[in-house]
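Asks: This structure is in structure tokens; I'll ask about it shortly.
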Amino acid sequence: MGFDEMDVDTIWMDGEFVDWEDAQIHVLTHGLHYGTGIFEGVRCYDTENGPALFRWDAHLDRFYQSGEPYELEIGHDREELTEATMELIRRQELESCYVRPIAFYGYNSLGVSPTDCPTRTAIACWPWGTYLGEDALEKGVEVMVSSWRKHSSSQIPTNAKTTGLYVNSMLAGEEARRNGYTEAIVLDKEGYVAEGPGENIFLVRDGELFTPALSQSILDGITRQSVIEVARDLGYTVHDQATISRGELNTADELFFTGTAAEVTPIKQVDNVEIGSGTRGPVTEEIQQTFFDMLESPPEKYDDWFTYV
């Protein structure tokens, strides 16, 4: 569904609420030419206690941290961004939605150095359903291992959620879709499993969970962190510093993606090889069910994960 079909009309930009159509930038904006921006993706869920942002504080932490390698100073404090987001959701009467904060070097000069370019900051939110398709959460998705590799953290910081880096994600994802798959898995420069284009990945073997280490060029996903904690609370052993070879994908009992957009999505097939029984496995199902139950009815244990609108 395109934005024009959604009932959204306001964006917060540099401290002001503006009409959706008026949230524009100059064509010579530094961030447009060189990908010098950072962003976040956050979901607001319609819980039984009212609309709530999931892991807002953790997302804000990462937002500010992402700017540091680029010396991108966000000229708005946490309280202002939080209040702007809350007000944006209220004004548009959204009960559940996806929230996109972004900051980038703006318009002034167009050398590679962003010196004297102002930092622009904006927040938008809109209704957004299941990222990988309505059936994906129950039936799982078919993926391929991409021919595109994930860049190393010695080349570009992989712990920062940088706009320009998602060219890598787009190439991998579109390659997969051209070949009839829903999504891709990207390997790191050594050929070990890194992540999906916009998701972290978990492997289940003999009732234990394995997920690549942060040193494997992955983004430190907040849903990844949440699932690790939920799985451990359920009694599972989670190896969160794992090294996973490509071949291990095919022999896994279960595989699943995690991410703000993907939530917890089973993987039923890799490169035409059926994973496990070729459908959502029992471990994935229990973690997924626990995760979604928590989002609907937040238990006291995870109460600090929810910021109520």
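Asks: Go through the range 40-66 and give me each residue that's touching a Lys or Arg at 6+ places or on another chain (Cβ under 6 Å) and not small (G, A, S).
Replies: F54, L60
Asks: Right, something else. What's the number of the condition T284 fails, among (1) in the same structural domain as K189 (by TED's automatic domain parsing); (2) over 17 Å from I185 (Cβ atoms); (3) in contact (Cβ under 8 Å) with a residue 40 or more places away in the chain; (4) in contact with a Pro (Cβ under 9 Å, 6 or more places away or on another chain)?
Replies: Failed condition: (2).
Asks: Restricting attention to the range 209-232, which residues are closer than 28 Å to E300 by Cβ and either modelled with pLDDT under 95 or over 23 Å from the mean Cα position of the chain (by Cα) (or both)?
Replies: D220
Asks: Just to verify a result, which residue in the range 264-295, among those that are touching a helix residue (DSSP H, G or I) at 6+ places or on another chain (Cβ under 7 Å) and part of a strand (DSSP E or B), is nearest to Q225 (Cα to Cα)?
Replies: V264
Asks: Same structure again: List, please: which pairs have Cβ atoms under 6 Å, are six or more places apart or on different chains, and start with a residue in the range 138-164 that is not assigned by TED's automatic domain parsing to the domain that holds G281 and end with one that is of a type in the set (G, A, S)?
Replies: none
Asks: I'm trying to understand the selection: among the residues of the range 79-109, which are part of a loop (DSSP other than H, G, I, E, B) and either surrounded by 14 or more Cβ atoms within 10 Å (Cβ to Cβ) or touching a strand residue (DSSP E or B) at 6+ places or on another chain (Cβ under 6 Å) (or both)?
Replies: Q92, L94, E95, S96, G106, Y107, N108
Asks: Please give the strands (runs of 3 or more DSSP E) falling wholly within the range 1-57 in which 2 or more residues are assigned by TED's automatic domain parsing to the domain that holds V167 and out of contact with any helix residue (DSSP H, G or I) (no Cβ under 8 Å at 6 or more places or on another chain).
Replies: By residue number, no strands (runs of 3 or more DSSP E) qualify.
Asks: Another question, if that's okay. In the range 127-166, what residues are assigned to a loop (DSSP other than H, G, I, E, B), at pLDDT 90 or above and closer than 26 Å to Q288 by Cα?
Replies: Result: P127, G140, S146, N159, K161.
The values are calculated or read from the model by the stated rules, or taken from the named source; none is laboratory data. Every value quoted in this text rests on a predicted model; they were computed, and no experiment measured them. Positions of Cβ are backbone-derived with ideal geometry, glycine not excepted, and every protein chain shown enters the neighbour counts.
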